[in-house]
1. Exactly one of these conditions fails for A160: (1) within 15 Å of the chain's Cα centre (by Cα); (2) within 22 Å of N32 (Cβ to Cβ). Give me its number.
2. Kindly indicate which of P190, P140, P197 is buried (at least 21 other Cβ atoms within 10 Å of the Cβ), farther than 21 Å from D62 by Cα and not aliphatic (A, V, I, L, M).
3. Where residues in segment 162-203 are of a type in the set (D, E, K, R) and in contact with a helix residue (DSSP H, G or I) (Cβ under 6 Å, 6 or more places away or on another chain), which of them is nearest to F134 (Cα to Cα)?
4. If we scan segment 203-220, do we find a residue that is more than 17 Å from the chain's Cα centre (by Cα) and in contact (Cβ under 8 Å) with a residue 12 or more places away in the chain?
5. Can you tell me which condition R29 does not meet? The list is (1) surrounded by fewer than 14 Cβ atoms within 10 Å (Cβ to Cβ); (2) free of Cβ contacts under 8 Å to residues at least 40 places away in the same chain; (3) farther than 23 Å from R219 by Cα, and all the others hold.
6. Got at least one residue in segment 88-98 being surrounded by 12 or more Cβ atoms within 10 Å (Cβ to Cβ), at negative phi and not in a loop (DSSP other than H, G, I, E, B)?
7. Restricting to segment 39-61, name every residue that is on the phi < 0 side of the Ramachandran plot, in contact (Cβ under 8 Å) with a residue 40 or more places away in the chain and outside any strand (DSSP E or B).
8. Can you report the number of residues in segment 62-87 which are hydroxyl-bearing (S, T, Y), assigned to a strand (DSSP E or B) and either modelled with pLDDT of 95 or more or closer than 25 Å to G36 by Cβ (or both)?
Amino acid sequence: MQARVVEPELLDGLPEGHPDARRNRADLRRLNNLMGNYRWLRQSLRGALRPGDSIVEPGAGDGHFAAAHLGFLHGNGTAASYTGIDLWSRPEGLPPSFRWEQADALGYSGWPHHSIIVVNFLLHQFTDAELRRFGDSVRPHARVILANETARGPLRVWLARTAFVLGLNHVSRHDAVVSVRAGFRGEELPALLGLDPAAGWEASVHTTALGAYRLAAKRRHIP
């Protein structure tokens, strides 16, 4: 099995106001819509919500997912809250009731305050050691973890290389291939995060034809 290869992405070296960075964010929105990632995350989240849940989205980027897809949190009777985490500053257009913390997900200390973690195209950027560290930080506090990531494999690399036909900019084309090489197969991600069934975690993973790797994990109560 081809091993994960984690390399720097071009976006990471650009300031948030750089035209190439903003174009990349727009490209990512297009890809997420095309792959159905926003729809899967929204539906999975709605099915997992309980009254009083606190949702956190590490790597929230430009806040598009929250602003465009989490409007149902208002007046849904669950009193659920949302916090976005990213190295970028708070984006415009985010609902005033949504919180934003400018922070590195690996250095974030607020995990005890959140019961649901929603992450989209972030965890593949972490090395195996960083994923274990991330898992150690979130497992004691989260009840639900929903992650949409990249599926790894030769066919997926080929698909990423053909994405130029969508008119993606050079940053997006480069980072697409890097992301796939750092993606996941089989039960790799739940294992790296330490989602052990013996500790009460129920995790399911599946991949899509367009190259998404999706993890839905729930911690059941153990008396």
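The values are calculated or read from the model by the stated rules, or taken from the named source; none is laboratory data. These numbers come from a predicted model, not from an experiment. Backbone-built Cβ (ideal geometry, glycine too); neighbour counts: all protein chains shown.
1. Checking A160 against (1) within 15 Å of the chain's Cα centre (by Cα); (2) within 22 Å of N32 (Cβ to Cβ), the one that fails is (1).
2. Details: P140 fails: buried (at least 21 other Cβ atoms within 10 Å of the Cβ); P197 fails: buried (at least 21 other Cβ atoms within 10 Å of the Cβ).
None of the others qualify; the one that does is P190.
3. Step one: list which residues in segment 162-203 are of a type in the set (D, E, K, R), which gives 173, 175, 181, 185, 187-188, 196, 202.
Next, only the ones that are in contact with a helix residue (DSSP H, G or I) (Cβ under 6 Å, 6 or more places away or on another chain) stay: 173, 175.
On the way: R173: 27, D175: 22 Å.
By that ranking, first place goes to D175.
4. Residues of segment 203-220 more than 17 Å from the chain's Cα centre (by Cα): 209, 219-220.
Now narrow it down to the ones that are in contact (Cβ under 8 Å) with a residue 12 or more places away in the chain: 219-220.
The answer is yes; a qualifying residue exists.
5. The failed condition is (1).
6. Quick first cut of segment 88-98, residues surrounded by 12 or more Cβ atoms within 10 Å (Cβ to Cβ) only: 88, 90-91, 94-95, 98.
Add one more test, that the residue is at negative phi, and what stays is 88, 90-91, 94-95, 98.
If we keep only those that are not in a loop (DSSP other than H, G, I, E, B) too, we end up with none.
No, segment 88-98 contains no residue that is surrounded by 12 or more Cβ atoms within 10 Å (Cβ to Cβ), at negative phi and not in a loop (DSSP other than H, G, I, E, B).
7. Narrowing segment 39-61 to residues on the phi < 0 side of the Ramachandran plot: 39-51, 53-58, 60.
Next, only the ones that are in contact (Cβ under 8 Å) with a residue 40 or more places away in the chain stay: 40-41, 44-45, 48-50, 53-58, 60.
Once the filter is applied, which keeps residues that are on the phi < 0 side of the Ramachandran plot, in contact (Cβ under 8 Å) with a residue 40 or more places away in the chain and outside any strand (DSSP E or B), segment 39-61 yields W40, L41, S44, L45, A48, L49, R50, D53, A60.
8. To start, the set of residues in segment 62-87 that are hydroxyl-bearing (S, T, Y) comprises 78, 81-83.
Next, only the ones that are assigned to a strand (DSSP E or B) stay: 81-83.
Narrowing the set further to residues that are either modelled with pLDDT of 95 or more or closer than 25 Å to G36 by Cβ (or both) leaves 82-83.
Looking only at that region, the number is 2.
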